[in-house]
Every structure is written in structure tokens, then in C-alpha cells.
Amino acid sequence: MASIASLGTGSGLDLESIVTKFMTVEKQPLTALNKREASYQASISSLGTLKGSLASLQTAAAALTPATGQSATAKFSTYQASVADSTIASVTASSSAVAGTYTLEVTALATAQSQSLKNIYGASEKVIDPSGGNTLTLTKGSGASATSVNITLDSATTTLADLRDAINNASAGVSAVIVTDTNNKQHLQLTATDTGTANAVTLSGVKFAAPADPADGSALDASLAFDTTSATDSAAKVNGIAVSGSGNTLTGAVDGLTINLLKTNAGSPTTITLSRDTSTLKNNLYSLVKAYNDLNSTISSLGSYDATTKVAGALNGDATLRSTQSQLRAVFGSVPSSLSGATYQRLSDIGISVGKTGALSIDSTKLQKALDTNFTAVANAVGAYGSIFKETTDNLLSTSGTIAARTDGLNRSVTDIGKQRDALNLRLTNI
């Protein structure tokens, strides 16, 4: 039996062409599905772009938002501190500082107590006299604030090196080293780890053994066995008022100031100058404006339509895009409740204006004048609007927000299209 070489052979009909055209018609729903899917995917991608721009604004707004319980003035109050003679001291300031000038006269620097054991020993000599007990007590400070550490020593085995190690391991506020002289004899040196009289350390509870060489010393009670250089506290005058500390860093002498003393200048006071630094507030405000303008540009592009080319943005006519833009613009439309009756109630009061395209601009001269006139009022205004922008972007970007809901809906639509495509492909295969 002869085989048929092709469709329509012997019939006079072009069946292959007829089937091809028929299948082209049958595939049109699949083509439409693919176009819809591409549109949905473009919208999902564009919503991701929108979220990225919103996140940048959210970050910029967070930098302008005071923490819970923190005033706007405290958040933005930073100071520049300088010392006329930087060899005398260095100064840092906190938000509680007060702008002004202060005279500083350093009359004494704090020093640490140092002690040198009077007896000297050979490396292998035993240094503890058993008749004086075997518990060495290291006492830091005096009175009610004194702290003590006890060290048990073995008089039969303790050398000067053993004593050094025991003292260092006790972490009792004093460090020990051995200096070996040209005659190979060992000298024990003790130095308090912290400066000031309150950190001086005394030793008690044992006696030192007589050195083998009488010329190296004799058995002495521990309280008398050291040559001691006493610790001293730091002393200075700020605006003529005497201040002091156990260390060379004064933290409570002047509100908000930490003064690090470096050198004495008795009789020749230097000057500390403290001025408010507004750069942090201004820089953060400029960052907010930039982030807002970038977002405004993104929204305009996504929602655009070119009448000449008839090309529309990926989210042209999208309700979520319009809602986002509306919520952000509404921030400028009302005065925050916290600013009711305030000197500066709107951002325009401090030099920030909205242009025809919705972009923001800053009049730097007006802003600086407002800062110079009433820093607290500017800080309150910036903090209030920063909080509102933060709250608005938080809501828009939340998992229950409109953007997330719109994205979830589009993703479900893409999934549905996938199912429809599978069904259509099966039908086309059967045909």
C-alpha cells in the first residue's frame, strides 16, 4: 500500500497551510497570556524600584527622627570644642554642653604611686620570712572605699620572681616588675595601675627575709620595706574655680565637657572655646531632600505617558503609585500637632520649598538664618517632619502596606497565567 507523502496529497487541497493557519488562530490566547504576564512582571519590577526609593527616604527620615524620650534639641545638639593651646589639654563635648568660652589653668597632673622594695635579692633567694605569716594583703585606696586582695605565699619556695607573678596575677591595682642590676641582683618595682591618691596600694601581712648578702638590706616589716613615691591627683582651674580628679581626664568639672589634661600651665591660662555645630542637622536635612527628590523622580518616570510616542511608564495609571505619591505630598499639607503654635511650623519656614514638579529645594541662606536665630525651633520642626516621613514610609513599606498587597496580587496573577498557559499548551498539543 502506498504511503501519503504529505497532507492533502491527491486531494488538491493545501492542508498543511490550512492547519498552520488554524493553529495560528488557536495560539492567539497563549500570545495574549504571554503579553499580560510580561506586563505584570514589568509592574512587579517597577514596584521593586519604587520600594528601593522609598527605603532611601525611610533611612534619611530615620536620621532626623529623635529616639523615644529624646528631645529634638538633644538629638541634633553637637558641639565643636577647641583649646587655644592644644599642648595643655584636649576637649570633647556632649549634647549637654553649653556654648561659650572657658579659661583653663592646669596646676598639676595626676601621677601613679610607685614603690621600690628596699631589700634586693639574688634570683634564687627566698624572700618571705616565715615568722611574719604567709598572707600578703594588697589594699587599694583607703577608708570605706578601700578594696583588698589576699595572696598566700610559701616562705620556703617564694623567690622575688614568684612574688612578682603573684602580685600581677592578683589584679589588685598594682603591677610588679623586676629590674636586674649589673651585679645580677634583683630589685622589685611596684606601680599603681591607676593615677591619683585614691588608687594608691599598700602591702601588709608578711615580712621580707634578710638577703643573703648583708649589703643588700635587712629583714624589714612590709609596711616599711619600700621606698615610695606618692600618687598625686590632677588639679586645675576652670574660669578660676578649682577642680581636681584622680586621673588626667576631668569629666564632671564642666557640664557636657570632657577635659583631657596633657601639661601644666600654671600662671598662663589657655582658653577652651565651645560652639554649636549645626552641620549634622543640615547634612541630614539635605539627605532627606535628596532622597525625596530621587523618589519624586522615580514616581514621575514610572507613572509617565509620552503623548508623542504613546509610550507609558510601567505603572502609568496604577492606583498604588498614585496613593504613594498622594501620601508623601500630604506630609507638606498639614502642620504636625507637636508644632502647633511653634515659631517654625512648616518646612517652608526654614527654607524648604516644593517646586512645580513636586521636587524640594533648600534656601541655604534662610535655613542658616533660622538656625542662628532659634536652633531649638529648627530642631523641633526638623524632628517633627522627620518623624512623619518615617511613619509614612514605614507604613508604605510594611508587609501589610499597599505596595506589598499590590505586589502579592500581581504575583498571584502571574501564577494564574502559568496555570492557564499549561492548560492551553495541552489543548494545542491535542489539537
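The values are calculated or read from the model by the stated rules, or taken from the named source; none is laboratory data. The shown structure was predicted, so the numbers you read here are calculated from the model rather than taken from an experiment. Positions of Cβ are generated from backbone atoms using ideal geometry, with glycine treated the same way; all protein chains shown enter the neighbour counts. We work out accessible area using only protein heavy atoms, side chains counted, and drop any ligands, DNA or RNA first. Shrake-Rupley method; radii C 1.70, N 1.55, O 1.52, S 1.80 Å.
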> If you take the charge dipole of the chain about its Cα centre, with +1 on Lys and Arg Cβ and -1 on Asp and Glu Cβ, which of Leu104, Ala32, Leu285 is farthest toward its positive end?
Replying inline: Ala32
> Ignoring ligands, DNA and RNA, what percent of the accessible area of the stretch 199-343 is carbon or sulfur (1.4 Å)?
Replying inline: 49
>> Taking the solvent-accessible surface of protein heavy atoms with a 1.4 Å probe, what is the per residue accessible area of the chain in Å²?
In response: 52
> Ranked from highest to lowest mean number of other Cβ atoms within 10 Å per residue, what is the order of the peptides 180-187, 195-202, 362-369?
Replying inline: 195-202, 362-369, 180-187
>> Give the aspartates and glutamates whose C-alpha is closer than 16 Å to that of Lys263, dropping any in the same chain fewer than 8 places away, or say none.
In response: Asp85, Glu105, Asp233
>> Past 19 Å, Cα to Cα: identify those pairs from Lys118/Lys207; Lys51/Lys282; Lys310/Lys356, in the order given.
In response: Lys51/Lys282; Lys310/Lys356
> Gap in Å between the Cα centre of the stretch 223-287 and the Cα centre of the stretch 383-428?
Replying inline: 58
>> So the label point goes 7 Å from the Cα of Asp154 along Cα→C-beta, right? Which residues of the stretch 165-191 then have their backbone N under 17 Å from it?
In response: 165-167
>> Which of rounded, prolate or oblate describes the stretch 154-194 when judged by the alpha-carbon gyration tensor and an a/c cut-off of 1.5?
In response: oblate
>> Between Arg36 and Ser71, what is the label-point separation in nm under the 7 Å Cα-to-beta-carbon projection?
In response: 6.1
>> Give me the one-decimal nm value for the distance between modelled label points at Ser45 and Asp277, 7 Å along each residue's Cα-to-Cβ direction.
In response: 4.4
>> Given a 1.4 angstrom probe, I'd like the percentage of the accessible area of the stretch 355-431 that is carbon and sulfur, rounded to a whole number.
In response: 49
